[in-house]
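Okay, so here's the structure we're looking at.
The values are calculated or read from the model by the stated rules, or taken from the named source; none is laboratory data. Just so it is clear, the structure is predicted and the values come from calculations on it, not from any experiment. No Cβ is skipped: glycine too gets one built from the backbone with ideal geometry, and neighbour counts run over all protein chains shown. What goes into the accessible areas is simple: the full protein's heavy atoms, side chains included, and nothing from ligands, DNA or RNA. Shrake-Rupley method; radii C 1.70, N 1.55, O 1.52, S 1.80 Å.
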Amino acid sequence: MKLDSAGLQNAITNQLSSLRTQSQPADDSSKTQMLSGKTRTDTVSLSNTGPTFGESEYIAFEGDVHVLIVERSEKAGRMESVLDRLSDTQQNTLIDTDLIQDEGFLALAEELNDDELSKLANGIEGLRTPPQQSGFTAELSAGKNTENLIATLTGLNGETRSRVLDEVDRHAAKIPPRNTSETYQPTGQLSPPRGAAPADDLHNFVQTVTHVGDVAKTLDTLAQFSDSQQSDVLHVFGKDAELGSRLAEQLSDRSKTTKDTTLNYLGGLAAKADPYLSAMTQAVVPPGEDHYAVPQHDNLSSDTLMGMIESSVGMLENYDFSDEQVTQMSTQLKAMDASDQRAYIAITETGLDQLIGADSQRPADMETNEEVMATVDALRSDVTVRETVFMARMGEQRDTGSDEDRNYYQVKQPGTGERDQETLIKVLATDAWVNRNNEDVDLSTRAMHLAENLTELGADARDQQVHDLNRLIQQQVPLIELSDDYLQKDTQDFQARTNALATTQDMEALRDAEQAVIPEQREAFWQAASMAGDEVDQLVELLNKTPADMGEKMLSFLSEEAEQIQNGEKTDEQGRESVHELINFFESNLETDDRQRYLEGL
């Protein structure tokens with residue numbers, strides 16, 4: 001609104017001398033001063049002329065909290081014409097934000113019809129309410145989003161621009177009126193505006209259209225989702241427009257249930273993504289010093305949450321899942337805590353790549369690859385496996401004797417934790433795959449025991465054991481492309497270790513026995529431990545109690561037995577019987593001479 005001459009006569013007289021120095025250079029054709037005008041109430045229509053002083057004529061525009069005093073000029077006339085087309089509330093928005101003086105805005109406003117201009121003003125007012133989602137950064141500030149919106153609208157054709165304004169107006173209508181009363185903190189500073197969840201959609205939509213390459217195509221894509229689905233997918237668009245586009249493309253033809261569950265989950269992750277938390281989790285540690293943290297220290301960082309979305313979208317691109325499979329994954333993830341979610345996604349992503357291979361050009365039909373999905377599901381469905389995978393990112397536990405310190409673990413160097421985690425998943429996935437046809441093995445139970453026993457080793461020993469296992473399975477193609485006969489032969493040494501590791505009930509004793517064996521007999525040790533089956537702990541106990549020379553003879557004998565089994569000369573049952581007889585003899589005959597004669601006769 002514009003103030004009348006009488007209402008501003010005294011104020012302008014007292015401050016006129018400062019107007020020329022506090023606003024624009026003296027040679028500007030338009031001079032402006034913004035004053036607090038909240039208490040000014042006397043107004044007339046915009047068609048009236050402002051007060052005149054000497055040779056200069058000024059027009060005063062009153063907003064809700066500010067007054068703009070503008071020298072009469074061609075631009076001032078354009079400002080007045082634009083404001084005349086809007087309601088009082090919309091005029092206040094443009095005055096208080098100072099947009100009415102922005103040349104870019106004026107040029108755009110003059111191109112818009114009255115309905116479009118009204119929608120734009122509504123959107124600008126809506127953007128003044130901050131979003132409630134985490135990560136209210138400069139990219140989601142009212143000024144930046146408004147500036148980007150005007151620039152984007154200016155470059156669009158009439159049809160697309162009108163469609164954008166329709167959506168801007170629709171999202172702005174969700175936002176309740178702002179509380180314009182100013183409040184102050186105890187320090188005397190003005191309290192920042194409070195965010196509102198209904199403002200999320202508008203901010204995210206503006207972020208979307210101002211950062212995508214093809215606005216019209218994006219509008220078409222969004223139109224394939226319901227209002228609630230759009231709210232969820234816009235959370236992703238608002239944080240990463242390119243990732244949002246990929247997600248929307250992958251879900252556009254999915255069933256309503258699949259869209260609902262998947263977008264509800266992934267949109268929720270994006271809404272919680274907070275760049276500030278990402279920065280806080282990147283601790284600055286002096287060279288040579290260890291950094292410790294709770295394992296969940298980065299669960300809510302923006303890098304982690306957006307990484308989970310990236311992995312999920314990547315899997316949708318690289319594999320042809322059925323709607324039921326996608327819905328199942330989203331539903332299961334939604335019911336888990338953040339740590340389990342991270343492990344579940346990591347197991348699925350790395351496990352599928354190990355078993356069938358990621359291929360966005362020719363994604364495999366996962367509905368027909370039931371064995372692959374069953375193998376992956378056996379791993380990710382077990383809570384112990386998920387916990388072990390999650391903890392693979394961390395190093396040794398800090399233990400100073402304080403109960404509190406026992407909750408802290410060494411944070412590995414960037415990239416190392418992810419590598420160790422990926423290697424562990426490859427080992428678990430390979431072991432499950434080569435045992436999938438074994439009727440005596442429940443894959444989930446075996447994976448649980450294997451993961452549990454690896455955890456007992458401690459972080460450093462666990463990582464070393466996992467990398468030793470991984471070196472035994474360096475196939476260059478996905479496992480599904482290899483025949484079972486080839487895999488069984490190629491992974492014999494690998495299976496010998498995992499069989500023992502999954503069966504033992506005394507991981508410490510098994511580790512001690514392995515370390516006591518001379519390097520030349522390490523593989524013989526694992527072959528014997530595997531051949532022992534359920535009696536692995538008895539064999540280990542025997543080796544730990546037996547003099548080294550006798551132990552070497554035992555392992556030499558059992559290694560020959562294992563070789564005969566591998567060559568088909570003996571059965572697995574015969575091998576287990578050989579171990580059983582050896583254990584029984586040594587338990588029944590304690591005399592050294594008797595044991596020596598027995599070993600020499602083998």
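Output the residues belonging to segment 203-253 that are under 16 Å from residue 161 (Cα atoms), in contact (Cβ under 8 Å) with a residue 40 or more places away in the chain and polar (S, T, N, Q). 207, 210, listed by residue number. Residue-level check: of (1) touching an Asp or Glu at 6+ places or on another chain (Cβ under 9 Å); (2) crowded, with 16+ Cβ neighbours inside 10 Å, residue 595 misses just (1). Counting only residues that are more than 13 Å from residue 532 (Cβ to Cβ), in contact with a Leu (Cβ under 8 Å, 6 or more places away or on another chain) and open to solvent by less than 30 Å² (accessible area, probe 1.4 Å), segment 542-585 holds 2 of them. The residue that is farthest from residue 323 (Cα to Cα), among those in segment 198-257 that are part of a loop (DSSP other than H, G, I, E, B) and open to solvent by less than 50 Å² (accessible area, probe 1.4 Å), is 210.
Let's see how each residue does on (1) assigned to a helix (DSSP H, G or I); (2) open to solvent by 60 Å² or more (accessible area, probe 1.4 Å); (3) out of contact with any strand residue (DSSP E or B) (no Cβ under 6 Å at 6 or more places or on another chain):
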| residue | (1), (2), (3) |
| --- | --- |
| 349 | yes, yes, yes |
| 360 | no, yes, yes |
| 367 | no, yes, yes |
| 372 | yes, no, yes |
| 384 | yes, no, yes |
| 388 | yes, no, yes |
| 418 | yes, yes, yes |
| 423 | yes, no, yes |
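Per the conditions (1) open to solvent by 40 Å² or more (accessible area, probe 1.4 Å); (2) in a loop (DSSP other than H, G, I, E, B), the sole criterion not satisfied by residue 455 is (2).
Out of segment 112-131, which residues are part of a helix (DSSP H, G or I), open to solvent by 40 Å² or more (accessible area, probe 1.4 Å) and in contact (Cβ under 8 Å) with a residue 12 or more places away in the chain?
Restricting attention to segment 112-131, the residues satisfying the condition of being part of a helix (DSSP H, G or I) are 114-127.
When the remaining residues are screened for being open to solvent by 40 Å² or more (accessible area, probe 1.4 Å), the result is 114-115, 122, 125.
Of everything in segment 112-131, those that are part of a helix (DSSP H, G or I), open to solvent by 40 Å² or more (accessible area, probe 1.4 Å) and in contact (Cβ under 8 Å) with a residue 12 or more places away in the chain turn out to be 114, 122, 125.
Residue 298 meets each of the listed conditions (1) assigned to a loop (DSSP other than H, G, I, E, B); (2) at pLDDT 95 or above; (3) not basic (Lys, Arg) apart from (2).
A single member of 11, 76 is in a helix (DSSP H, G or I) and either modelled with pLDDT of 50 or more or of a type in the set (Val, Ile, Thr) (or both), and it is 76.
Would you mind stating whether residue 341 is more than 22 Å from residue 245 (Cβ to Cβ) and open to solvent by 50 Å² or more (accessible area, probe 1.4 Å)?
Numbers: more than 22 Å from residue 245 (Cβ to Cβ): yes; open to solvent by 50 Å² or more (accessible area, probe 1.4 Å): no.
It is false that residue 341 is more than 22 Å from residue 245 (Cβ to Cβ) and open to solvent by 50 Å² or more (accessible area, probe 1.4 Å).
Out of all the residues in segment 59-68, which are under 49 Å from the mean Cα position of the chain (by Cα) and hydrophobic (A, V, I, L, M, F, W, C)? Talk me through it step by step, then tell me what you get.
Of segment 59-68, the ones under 49 Å from the mean Cα position of the chain (by Cα) are 61-68.
Hits for segment 59-68 are 61, 65, 67, 68.
Considered as a group, the residues in segment 575-602 that are touching a helix residue (DSSP H, G or I) at 6+ places or on another chain (Cβ under 8 Å) and of a type in the set (Val, Ile, Thr) include one that is farthest from residue 562 (Cα to Cα), and that residue is 583. In segment 458-480, the qualifying residues are those that are over 24 Å from residue 411 (Cβ atoms) and in contact (Cβ under 8 Å) with a residue 60 or more places away in the chain, and the one that is least open to solvent (accessible area, probe 1.4 Å) is 479. Do we have residue 380 as without any contact (Cβ under 8 Å) to a residue 12 or more places away in the chain and within 26 Å of the chain's Cα centre (by Cα) here? Here the answer is no, as residue 380 does not meet what is asked. Answer with yes or no whether residue 446 is at pLDDT 95 or above, within 25 Å of residue 370 (Cβ to Cβ) and basic (Lys, Arg). Against the criterion (at pLDDT 95 or above, within 25 Å of residue 370 (Cβ to Cβ) and basic (Lys, Arg)), residue 446 qualifies.
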